[in-house]
Amino acid sequence: MPNTFELIASSTVGAGGTANITFSSIPSTFTDLIIKLSARSSDSATSAGVVMQFNGSSSSLSYRLLEGDGSTAASYNGTTGRVGVTDAATSTASTFGSLEVYIPNYAGSTNKSSSTDSVQETNATTAYADLSANLWSNTAAITSIALTLQAGSFVQYSTAYLYGVKNA
Amino acid sequence: MPNPTRIEINCETGEETVIELTDAEVAELAAQAAEAAIRKAEEDAAREAQAALKASAKAKLIAGQPLTAEEADTLVI
């Protein structure tokens with residue numbers, strides 16, 4: 001990692017899983033934030049959507065997402081905190097999806113945009129890869145970030161890392 | 001039966017806490033899952049319809065048959 005990246009906090013999901021991973025009391029001393037997530041959902045499906053919310057708010061959210069499935073590509077948009085895709089219970093065993101979110105100027109006084117790329121790791125013919133642009137139309141500084149799944153819970157060994165990026 | 005839990009990591013102290021979700025939080029997750037299932041079904045249907053149109057367009061092109069406007073849209077950028 002570049003030397004301007006600093007690990008703020010991390011978490012590894014234990015036995016029993018968890019429905020939500022929240023980073024709270026995020027310091028305002030960095031310029032940008034990066035989240036790196038390795039996850040698998042307990043939902044009985046091949047994939048699950050990943051959702052991100054700031055400061056406990058589920059309103060004023062929107063996304064535009066480009067998704068490839070291995071043979072076709074499509075674009076979607078909506079008004080939730082959907083940021084990407086990851087593996088779920090019926091994808092290749094012991095395999096986790098990867099997701100990275102970049103959140104610039106998280107402590108500033110403008111609306112909060114972010115970009116996300118994510119992939120579903122699986123040996124199946126259909127495997128999703130997403131590229132997403134997200135917006136939280138709120139000028140408050142981000143002090144907490146919650147990660148959830150559209151279905152199911154994060155299984156054991158899912159990990160989440162929060163990095164702070166300084167502009168110098 | 002206890003509710004599912006969430007993990008909260010305090011970035012100032014580094015403390016990690018496992019907290020049981022409130023009933024309201026559980027309901028919100030359930031609503032989110034239901035909405036996501038509907039949306040996924042719509043997206044899957046749209047993707048399959050687009051794939052069918054593309055396949056039809058390709059077959060007609062090979063056979064020298066006229067394409068519908070929707071079929072032509074799958075081939076023309």
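The values are calculated or read from the model by the stated rules, or taken from the named source; none is laboratory data. In this text, all values refer to a predicted model and were calculated from it rather than measured experimentally. Using ideal geometry, Cβ is built from the backbone for each residue, glycine included, and neighbour counts are taken over all protein chains shown. Areas reflect the complete protein model, heavy atoms only, side chains present, ligands, DNA and RNA absent. Shrake-Rupley method; radii C 1.70, N 1.55, O 1.52, S 1.80 Å.
Give me the extension gain from A:L131 to A:S60: residue separation times 0.36 nm, minus the current Cα-Cα distance, reported in nm with one decimal. Please list the in-between numbers first.
Working: separation 71, 0.36 × 71 = 25.56 nm, distance 2.01 nm.
Full extension from A:L131 to A:S60 adds 23.5 nm.
Using a Gaussian network model of chain A whose springs link C-alpha atoms within less than 10 Å, name the residue from A:A129, A:A93, A:A146 with the highest mean-square fluctuation.
A:A93
For segment A:57-101, what is the Kirkwood estimate of the hydrodynamic radius, computed as the reciprocal of the mean inverse distance between distinct Cα atoms, to one decimal in Å? Intermediate results must be reported in sequence, preceding the final value.
Details: mean 1/r = 0.0796 Å⁻¹.
The Cα-based Kirkwood calculation yields 12.6 Å.
Taking only protein heavy atoms and a 1.4 Å probe, what accessible area per residue, in Å², does the protein assembly as shown have with all protein chains in place?
Here the residues of the protein assembly as shown average 50 Å² of exposed surface.
If you take every residue apart from B:P2 with its C-beta less than 15 Å away from the C-beta of B:P2, what net charge results, scoring Lys and Arg +1 and Asp and Glu -1?
Cβ neighbours under 15 Å give a net charge of -2.
Any idea how far the Cα center of segment B:7-77 sits from the one of segment A:80-98, in Å?
Cα centres, segment B:7-77 to segment A:80-98: 13 Å.
Which entries of A:K112/B:K40; A:K112/A:K166; A:K166/B:K40; A:K112/B:K54 have Cα-Cα distances beyond 29 Å here?
Over 29 Å apart, Cα to Cα: A:K166/B:K40; A:K112/B:K54.
Radius of gyration and Dmax for segment B:34-77's Cα atoms, expressed in Å?
My reading of the Cα-based Rg and Dmax gives 13.4, 45 Å.
For segment A:72-168, would you read off the P(r) tail past 24 Å as a percentage of all alpha carbon pairs? Could you put the intermediate results ahead of the total?
Details: 1366 of 4656 pairs.
So the portion of pairs separated by more than 24 Å is 29 percent.
Applying 1/(1 + (r/R0)^6) with R0 = 41 Å to the Cβ-Cβ distance of A:T159 and B:Q65, what FRET efficiency is obtained, to the nearest 0.05?
Rounded to the nearest 0.05, the efficiency is 0.15.
Carbon and sulfur atoms: what percent of the 1.4 Å accessible area of the protein assembly as shown do they account for?
54 percent
I need to check one value: relative contact order of chain B, counting alpha carbon pairs closer than 8 Å and at least 6 residues apart, in percent.
Relative contact order comes out at 18 percent.
Output the Kirkwood hydrodynamic radius of chain A, Cα pairs only, in Å rounded to one decimal. Before the final figure, lay out the partial values.
Values: mean 1/r = 0.0625 Å⁻¹.
Every distinct Cα pair counted, the radius reaches 16.0 Å.
So what's the Cα pair-distance distribution over chain B, bin width 10 Å, in %?
16, 23, 17, 14, 14, 13, 4
So how far apart, in nm, are the two label points at A:A124 and A:T79 if each is 7 Å from Cα heading toward Cβ?
3.1 nm
Label points 7 Å out from Cα along the Cβ direction at B:E43 and B:A24: separation in nm?
So the two model labels end up 2.9 nm from each other.
Other chains' Cβ within 10 Å of A:72-79 residues: what's the mean?
3
Could you sort the residues of segment A:16-48 by number and keep only those whose accessible area is reduced by 30 Å² or more in the all-protein-chain setting relative to the chain alone, 1.4 Å probe?
At a threshold of 30 Å² (probe 1.4 Å), the residues of segment A:16-48 that become less exposed are A:T18, A:A19, A:N20, A:T22, A:S24, A:S25.
With charges only on Cβ, +1 for K and R and -1 for D and E, what is the dipole size of segment A:13-158 about its Cα centre, in debye, rounded to 20?
I would put it at about 320 debye.
Where in segment A:30-44 does the amide nitrogen come within less than 16 Å of the point 7 Å from the Cα of A:S98, taken along Cα to Cβ?
A:35-40
Using a ≥ b ≥ c from the Cα gyration tensor of segment A:14-74 (square roots of the eigenvalues), is it rounded, prolate or oblate, where a/c under 1.5 gives rounded and otherwise the larger of a/b and b/c decides, a/b for prolate?
Here segment A:14-74 falls in the oblate category.
Please compute, for peptide B:48-60, the average count of beta-carbon atoms on other protein chains lying within 10 Å of each residue's beta-carbon.
Across B:48-60, the average partner-chain Cβ count within 10 Å equals 1.
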